[in-house]
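Novice: This structure is in structure tokens; I'll ask about it shortly.
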Amino acid sequence: MKERAFIGRVARTAGVSVQAVRFYERLGLLPVAQRTPAGYRVYGPESIERLQFVKQAQELGFSLDEIREILRLRYEGRSPCTCVSNLLQKKLEKIEHDIRQLVRFRHDLRKTLERSKELPHLPHTASSICPLIQIESRQSGKEEKRGKRR
């Protein structure tokens with residue numbers, strides 16, 4: 001798009017909704033659009049590039065606040081690449097931490113499931129909500145205590 005366009009066309013071309021364009025404008029991620037005498041928003045060709053950048057940054061896990069900071073640096077005439085690199089490094093470290101936690105959680109779930117298959121069907125009692133969970137939590141507590149003694 002080389003000429004100015006109304007919000008619908010800009011949204012379609014950038015692959016976002018009209019509501020997203022308005023929202024990004026309110027947040028300052030997109031410059032305030034010029035208005036026609038009838039009050040319609042009119043955007044320049046640079047708006048599509050900006051919207052596509054916001055969409056790509058979100059796909060990489062950047063928050064809207066982080067994207068706003070990246071854009072602020074860029075439009076102050078500074079390169080945001082160091083900032084982006086640092087943010088990417090932090091995101092990668094967090095993802096790797098989360099993956100380790102999920103792997104441990106998956107292991108615990110598998111262990112609990114296997115134990116549940118070995119246990120006889122336990123009758124429901126008033127003092128027990130679900131013996132499978134309560135037995136597992138007692139087992140985990142014993143293992144933690146054993147580990148602390150070492």
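Novice: Can you name the number of the only condition in (1) of a type outside the set (Ser, Thr, Tyr); (2) under 30 Å from residue 92 (Cβ atoms); (3) surrounded by 13 or more Cβ atoms within 10 Å (Cβ to Cβ) that residue 59 fails?
Specialist: (3)
Novice: Also, I was wondering about something else. Kindly evaluate residue 73 against the criterion of being in contact (Cβ under 8 Å) with a residue 40 or more places away in the chain, out of contact with any strand residue (DSSP E or B) (no Cβ under 6 Å at 6 or more places or on another chain) and within 30 Å of residue 94 (Cα to Cα).
Specialist: Answer is no for this residue.
Novice: Hey, can you tell me all the residues within region 26-55 that are in contact with a strand residue (DSSP E or B) (Cβ under 8 Å, 6 or more places away or on another chain) and of a type in the set (D, E, K, R)?
Specialist: 35, 41 - these are the residues of region 26-55 that are in contact with a strand residue (DSSP E or B) (Cβ under 8 Å, 6 or more places away or on another chain) and of a type in the set (D, E, K, R).
Novice: So, one more: Taking residue 135 as meeting all but one of (1) modelled with pLDDT under 95; (2) exposed (fewer than 11 other Cβ atoms within 10 Å of the Cβ); (3) more than 30 Å from residue 30 (Cα to Cα), write down the number of the exception.
Specialist: (2)
Novice: Tally the residues that are in contact (Cβ under 8 Å) with a residue 24 or more places away in the chain, surrounded by fewer than 17 Cβ atoms within 10 Å (Cβ to Cβ) and outside any loop (DSSP other than H, G, I, E, B), restricting the search to region 28-44.
Specialist: Summing the residues that are in contact (Cβ under 8 Å) with a residue 24 or more places away in the chain, surrounded by fewer than 17 Cβ atoms within 10 Å (Cβ to Cβ) and outside any loop (DSSP other than H, G, I, E, B) in region 28-44 gives 2.
Novice: While we're looking at this one, here's another question. Say whether the condition of being over 17 Å from residue 64 (Cα atoms), surrounded by fewer than 11 Cβ atoms within 10 Å (Cβ to Cβ) and either free of Cβ contacts under 8 Å to residues at least 12 places away in the same chain or more than 30 Å from the chain's Cα centre (by Cα) (or both) is met by at least one residue in region 9-21.
Specialist: Taking every residue of region 9-21 in turn, none turns out to be over 17 Å from residue 64 (Cα atoms), surrounded by fewer than 11 Cβ atoms within 10 Å (Cβ to Cβ) and either free of Cβ contacts under 8 Å to residues at least 12 places away in the same chain or more than 30 Å from the chain's Cα centre (by Cα) (or both).
Novice: Given (1) touching a residue at least 12 places away in the same chain (Cβ under 8 Å); (2) of a type outside the set (Val, Ile, Thr); (3) buried (at least 16 other Cβ atoms within 10 Å of the Cβ), where does residue 80 come up short, assuming only one miss?
Specialist: Of everything listed in (1) touching a residue at least 12 places away in the same chain (Cβ under 8 Å); (2) of a type outside the set (Val, Ile, Thr); (3) buried (at least 16 other Cβ atoms within 10 Å of the Cβ), residue 80 misses just condition (1).
Novice: While we're on this one: Say we look at region 45-81 and pick out the residues that are part of a helix (DSSP H, G or I) and of a type in the set (Gly, Ala, Ser); which of these is farthest from the chain's Cα centre (by Cα)?
Specialist: My answer is 47.
The values are calculated or read from the model by the stated rules, or taken from the named source; none is laboratory data. Not measured: the values here are computed from a predicted model. So basically every Cβ, Gly included, is an ideal-geometry build from the backbone, and we count neighbours across all protein chains shown.
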